[in-house]
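A short write-up of the structure that comes next.
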Amino acid sequence: MTQRQSLTMVELPLALPVIMAGIRTAAVWVIGTATLSTPIGQTSLGNYIFAGLQTQNWVFVLFGCAAAALLALAVDQLLAVIEGGVKLNSRTRIIAGCLGLIALIAATLMPAMARARTNYIVGAKTFTEQYILSSLIAQRLQAAGLSATPREGLGSNVIFEALVSGDIDVYVDYSGTLWANQLKRTDIRPRQELLSNLSVTLRDKYGISLLGELGFENAYALVMPRKRADELGIRTIADLAPRASSLSIAGDYEFFSRPEWAALRQSYNLSFRQQRQMQPDFMYAAVASGEVDVIAGYTSDGLIAKYDLVVLGDPKAAIPPYDAVVLLAPKRTSDTKLREALQPLLGRIDIATMREANLRASSGDGTSSPDAVARWLWGKIGKR
């Protein structure tokens, strides 16, 4: 036999089952991993999973997981049909498998291709409050006759870069996050001075327009169960510091790599026995049940009241102000229609209202979706 005959008639047929097994395994892994594309702004079945986890909507979570699993099984079986066709030298099976894959790919791409092109893309980070606010902004734009769609589940750095590059048009961020993460500032300024400097720097350095404040602050804060804090005599982070070595702390996925955590450790010499990372909404249940002792929570979260938790004071002002602000992409800074549509939101949402909205969205009963809560929120603030 020639080398070519040896390859095509002996070696490839013997190796084909192993090759196809590798391809099938890789295909299943790729489909599963693709659900993690949500945090970088790509639409996938992960949107249902991430949104469901944040809002405790288990129907969304189960749908996303089941759909991803079914898609992986379907692709695996179609590849198996192609493998069988090659083994049996059956063109019919090979063509059927290929046509099945093409049909499946077309079915998954068709919704995105058929979706009407929107004028504005509203960004949102990876927690409940952001989902509510992005829905609220999208609804206000639609009410003004402007088409808008949300792009959710983006990390702090990813969403900021998306705004700078024009991949999204508008989103809500927090002054402390921008000050520490994007501008790399470690000094703490009074609220109005910080907002003024922030607005000028964002405009001059990035071309971003800070449209205004929504009216509430959502700062990072160390949170404990009220009963536990009373037992230990802890009222502030300074009281917590001497006891931290025997306690555990939980934070969201990015907190322990953020400048705020470094500032807290440096200011109070904090050193906890254990650090854990959790989904934001799950942290509150964990600290309430005693699974962890302290969490890095958010001051506007309604779960603080639900679980009877207490926010520890920050006497050294290690954490900067965190006013919720609306940012516009460089290409939208002169967009009069966009500005006019969002103007009624500025200064209208107080901390109590935002906490109630967050609590409604985290009810876990499957009825309070971010869209529904956003409509409730506008109904409340629109009357003021």
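The values are calculated or read from the model by the stated rules, or taken from the named source; none is laboratory data. What you see is a predicted model; the values in this text were computed from it and never measured. Reconstructed Cβ throughout: ideal geometry from the backbone, glycine too, with neighbour counts over all protein chains shown. Heads up: the accessible areas ignore ligands, DNA and RNA and are worked out on the full protein's heavy atoms, side chains in. Shrake-Rupley method; radii C 1.70, N 1.55, O 1.52, S 1.80 Å.
Scanning the stretch 45-91 for residues that are over 20 Å from VAL28 (Cβ atoms) and of a type in the set (D, E, K, R) yields a count of 2. The set of residues from the stretch 241-277 being of a type outside the set (D, E, K, R) and closer than 19 Å to SER289 by Cα comprises ALA244, SER246, LEU247, SER248, ILE249, ALA250, GLY251, PHE272, GLN274, GLN275, GLN277.
Checking each residue in the stretch 283-313 for being of a type outside the set (A, V, I, L, M, F, W, C) and part of a loop (DSSP other than H, G, I, E, B) picks out SER289, GLY290, GLU291, ASP293, THR299, SER300, ASP301, GLY302, TYR307, ASP308.
For ALA241, the criteria (1) assigned to a helix (DSSP H, G or I); (2) touching a helix residue (DSSP H, G or I) at 6+ places or on another chain (Cβ under 9 Å); (3) touching a residue at least 40 places away in the same chain (Cβ under 8 Å) hold in every case but one, which is (3). If a residue must be closer than 16 Å to GLY176 by Cβ, assigned to a loop (DSSP other than H, G, I, E, B) and out of contact with any Gly (no Cβ under 7 Å at 6 or more places or on another chain), how many such residues does the stretch 252-282 contain? So the count comes out to 2. Considering only residues in the stretch 1-48 that are among the hydroxyl-bearing types (Ser, Thr, Tyr) and more than 30 Å from MET110 (Cβ to Cβ), the one that is least open to solvent (accessible area, probe 1.4 Å) turns out to be SER6.
State whether one or more residues within the stretch 108-130 are part of a loop (DSSP other than H, G, I, E, B), open to solvent by less than 20 Å² (accessible area, probe 1.4 Å) and either closer than 19 Å to GLY32 by Cα or assigned by the TED database to the domain that holds LEU338 (or both). Yes, the stretch 108-130 has at least one match. Screening the stretch 52-75 for residues that are exposed (fewer than 14 other Cβ atoms within 10 Å of the Cβ) and under 20 Å from ALA372 (Cβ atoms) and picking the one that is modelled with the highest pLDDT gives LEU62.
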